Amino acid sequence: KILNARHLTYHVGPYGDYEPGTSANEQVANVFSGVVDRVRSIWGVAKEELDYAAFPWIHESEPSLVGIETSGRQELWGTIEEVLEVCNHVEGTVPVINMAHIHARGHGKMKTSEDYAELFDLVRESYGGKKFYCHFAGVEHRMGNALHYTQIKKSDLKFEPFAEYLAEEGDWLDITIISDSPLLEHDAMYMLQHYDKARQRLLEIRARDERQVKLARQAGMSDDELAEFERQAAEEKSKEAEKESELKEPAKKTVSKKVDTSSMISFEDADDEDDLF
């Protein structure tokens, strides 16, 4: 409470003697009810006001929220459904959505922006609210279990679809994304960069569409004519994209060079030379 922590995140652990289901969820809910009560009991004690005069938030702020994070292994309690159910029953708790864990536990399920839309639709319908904490990193996984975090570029969990979802449909969210990557600051900037790009693309598309509609209105087109015009424009754009892809030159074959074994070993990753983030 001295640090004025607004959020405390907990991992539950193995199912133990319980099977996944209602009994396990009830046990976890009972545990977190005790955690929330304990947090509230040490927050804002009136007789300690003078002792903590230098820390006014202890008496003025609300107690820290207790976050319950999704897990990334089959034997651990913490599917997104389980976390949402417990958070719904225990006041003072909030879900912490770890995308790498959800991706791994779902055998690589988070692939498109639609997958993220489906996830947050579930969260909105089951839990409500708009303020969320999310963890993101690359992840190596096998058979529905997370093995370890990796650099985002090295993982099959890509940030671009998440960025697209946030740019297109994430206006209702008050979301904090926390980098869990081994390259902590590097991948944090990588995510920010891709979100900015997705946002910029969306603004450009909207501006172009608004301009086309404005020009069509000025030309005196009816609603039906405007709809047909937009359909034709979309078809032409699709054909142009296909034509461009066909005209692209095939990738040049890489010429292997003889390596001087007497030279020093390089620890630089060749894959990263063309992209800082």
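Every read-out reported here was derived from the displayed coordinates using simple, explicitly stated rules and does not represent laboratory data. This is a predicted model, so every value here is computed, not measured. Here the Cβ is made from the backbone with ideal geometry for all residues, glycine too, and neighbour counts use every protein chain on show.
Report the relative contact order of segment 7-190, percent, no decimals, based on alpha-carbon pairs under 8 angstrom and at least 6 residues apart.
Numbers: 299 pairs, mean separation 35.2, N = 184.
Value for segment 7-190: 19 percent.
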Check your understanding: Quick one: length gained pulling residue 203 to residue 19 fully straight, 0.36 nm per residue minus the C-alpha distance?
Key -> 61.4 nm
Exercise for review: Would you calculate the separation in nanometres between label points at residue 210 and residue 107, each defined as 7 Å from the Cα along the Cα-to-beta-carbon direction?
Suggested key: 4.5
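Multiply the residue gap between residue 230 and residue 218 by 0.36 nm, knock off their C-alpha separation, and tell me the result in nm, one decimal place. List each step's numbers first, then the result.
Details: separation 12, 0.36 × 12 = 4.32 nm, distance 1.52 nm.
Stretched out fully, the residue 230 to residue 218 stretch lengthens by 2.8 nm.
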Study note, to complete from the structure: Sorted largest first, the C-alpha extents of segment 7-190 along its principal axes in whole angstrom are 54, 41, 30
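For a protection proxy built on the mean count of beta-carbon atoms within 10 angstrom, sort 166-179, 99-112 highest first, please. Each step should come with its number before you reach the end.
Details: 166-179: 15.4, 99-112: 20.2.
Highest mean packing first, the order is 99-112, 166-179.
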Exercise for review: Show the residues, 5+ positions off or on another chain, whose built amide H is closer than 5 Å to the amide H of residue 70.
Suggested key: 96, 98
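Translational diffusion coefficient of segment 170-219 at 20 °C, 1.002 mPa s, Stokes-Einstein with Kirkwood Rh over Cα pairs, in µm²/s as a whole number. Before the final figure, lay out the partial values.
Values: Rh = 13.5 Å.
Rounded to a whole number, D works out at 159 µm²/s.
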Exercise for review: With label points built 7 Å along Cα→Cβ from the Cα atoms of residue 124 and residue 5, find their separation and express it in nm.
Suggested key: 3.1
